[in-house]
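So the structure is just underneath, and the comments pick up after that.
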Amino acid sequence: MKAVAIKGVKEFEIKDINEPISDGKKVIIEVKKSGICGSDIHYWVNGEPKGLVMGHEFAGVVLDPGDRLDLNKGDRVTALPISPCGKCEACRNGDVQFCPETWSHAVGLSLDNPGGLTSKIAVRSDMVIKVPDNMKDEEVAMVEPLAVGLHAAHLGRIAVGDDVLIIGGGIIGLASAEFAKKEGASYVALSETNEARGKKAVQLKVADEFVNALESDLPKKLLEKTNGGFDVVIECVGNDAAVNSAFTMVKPGGIVVLVGVATNAIPTYTVMAVMKELVVQGSIAYTYNEFNSCINLIANKKIDAMKFVDDVVSLEEVQHAYERLTSGSDAAVKILVDPNK
């Protein structure tokens, strides 16, 4: 079957890979839609690991239920793409994102477990979740990134009336902004260098204001507007400018949530964190309950996941889709892939 795999720096190839074979345990899923994630872009930009078939945000249909007696062929599903051990303290507490094994064999994030940039995948049966019939495939593929935003908002401990700054207007930034509002934030600003994306956040009504991160007097303006800084800053970029902006824009005693993935060391003035007595909180993935919550929120029409979907492309169009998402000028924040298109 055809699959899109990393070939080199900013380069994909379409190649044939073996179809997954039932082992009586894993669930074999036909992929209907698969999302392109910001972390996927990091792999593509670096060109490593070569041969990786990405796609950890997906919607599909059961072809073989494996050892799941509650699933049948034809059931519509998604899954947590992770591979927690289920035995360690983190797993027992429900914090599967902390398990040392969580990313070792993750779907679409490990060489031995191809993701949704192909037509059929094998997924650990305990990670598979049946979804309501009223959810579109596109909505199901949006569950995973929305859960990342929900987790970030929870870790920000946002209270009613808080001022919140989101740095980065990709899908995780937009999802974090959406949940910041739902947690009760009275003012949500979104900082972006891509003006098209920033304006889109306001159009989608997930942010109250777009602020251009390239404005030289931006810190002064925002600090004045918020009377000394934001209660919570959620950083969704992962570079030194974004992290230092977060430390600058947050008020004394405030919370900075670091969601952006940095693949290199980030120089920063820790004196800002010290003098302001900041809470600096890392955020990775989500809990099992948060993932389920996003399914329920979408199914019950509490969140319009479709408003985030900009395009659906074929495997042949994946290369161009990644180029769009990294152009710095395109308004697109979420492009889905249909491997059967």
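The values are calculated or read from the model by the stated rules, or taken from the named source; none is laboratory data. Keep in mind that this is a model prediction, so the values were computed, not measured. For neighbour counting, all protein chains shown are included, and Cβ atoms are generated from backbone atoms with ideal geometry for every residue, glycine included. Surface areas here come from the heavy atoms of the whole protein model, side chains and all, with no ligands, DNA or RNA. Shrake-Rupley method; radii C 1.70, N 1.55, O 1.52, S 1.80 Å.
Among residues of segment 6-26 that are at pLDDT 95 or above, those with a Cβ under 7 angstrom from a residue that is among the aromatic types (Phe, Trp, Tyr) and open to solvent by less than 90 Å² (accessible area, probe 1.4 Å), sequence gap 6+ or separate chain, pair up as ILE6/PHE12; ILE6/TYR43; ILE6/TRP44; LYS10/TRP44. Among the residues of segment 314-334, those that are surrounded by 18 or more Cβ atoms within 10 Å (Cβ to Cβ) and not in a helix (DSSP H, G or I) comprise ALA332, VAL333, LYS334.
Being closer than 19 Å to THR287 by Cβ and either in contact with a helix residue (DSSP H, G or I) (Cβ under 7 Å, 6 or more places away or on another chain) or open to solvent by less than 10 Å² (accessible area, probe 1.4 Å) (or both) is the filter here, so list the residues in segment 118-127 that pass it.
Of segment 118-127, the ones closer than 19 Å to THR287 by Cβ are 123-124, 126-127.
Listed by number, the list holds a single entry, VAL123.
One line per residue, one yes/no per condition, for (1) more than 23 Å from PHE230 (Cβ to Cβ); (2) touching a strand residue (DSSP E or B) at 6+ places or on another chain (Cβ under 8 Å); (3) among the small types (Gly, Ala, Ser); (4) surrounded by 18 or more Cβ atoms within 10 Å (Cβ to Cβ):
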residue	(1), (2), (3), (4)
LYS251	no, yes, no, yes
GLY260	no, yes, yes, yes
THR263	yes, no, no, no
ILE284	no, no, no, no
ILE298	yes, no, no, yes
LYS302	yes, no, no, no
PHE308	yes, no, no, yes
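Go through (1) open to solvent by 10 Å² or more (accessible area, probe 1.4 Å); (2) in contact with a His (Cβ under 8 Å, 6 or more places away or on another chain) for GLY115 and report which single condition fails. Here GLY115 meets the rest and fails (1). Taking segment 115-135 as the range and being out of contact with any Gly (no Cβ under 6 Å at 6 or more places or on another chain) and either under 19 Å from ASN18 (Cβ atoms) or without any contact (Cβ under 8 Å) to a residue 24 or more places away in the chain (or both) as the test, the residues that pass are THR118, SER119, LYS120, ILE121, ALA122, VAL123, ARG124.
So if I check each of GLU224, GLU235, GLU209, which one is over 25 Å from ILE298 (Cβ atoms), open to solvent by 40 Å² or more (accessible area, probe 1.4 Å) and in contact with a helix residue (DSSP H, G or I) (Cβ under 8 Å, 6 or more places away or on another chain)? Show your work before the answer.
On the way: GLU224 fails: in contact with a helix residue (DSSP H, G or I) (Cβ under 8 Å, 6 or more places away or on another chain); GLU235 fails: open to solvent by 40 Å² or more (accessible area, probe 1.4 Å).
It is GLU209.
Entry remark, segment 65-101: residues being among the aliphatic types (A, V, I, L, M) and under 20 Å from the mean Cα position of the chain (by Cα) number 5 in total. All of (1) over 19 Å from the mean Cα position of the chain (by Cα); (2) in contact (Cβ under 8 Å) with a residue 40 or more places away in the chain hold for ASP112 with one exception: (2). Looking only at segment 85-109, how many residues end up being part of a loop (DSSP other than H, G, I, E, B), more than 25 Å from ALA305 (Cβ to Cβ) and open to solvent by less than 30 Å² (accessible area, probe 1.4 Å)? So the count comes out to 1.
Look through ALA299, ALA305, ALA332 and report the one residue that is aliphatic (A, V, I, L, M) and either within 22 Å of VAL261 (Cβ to Cβ) or in contact with a Lys or Arg (Cβ under 8 Å, 6 or more places away or on another chain) (or both).
On the way: ALA299 fails: either within 22 Å of VAL261 (Cβ to Cβ) or in contact with a Lys or Arg (Cβ under 8 Å, 6 or more places away or on another chain) (or both); ALA305 fails: either within 22 Å of VAL261 (Cβ to Cβ) or in contact with a Lys or Arg (Cβ under 8 Å, 6 or more places away or on another chain) (or both).
ALA332 is the lone residue from the list that is aliphatic (A, V, I, L, M) and either within 22 Å of VAL261 (Cβ to Cβ) or in contact with a Lys or Arg (Cβ under 8 Å, 6 or more places away or on another chain) (or both).
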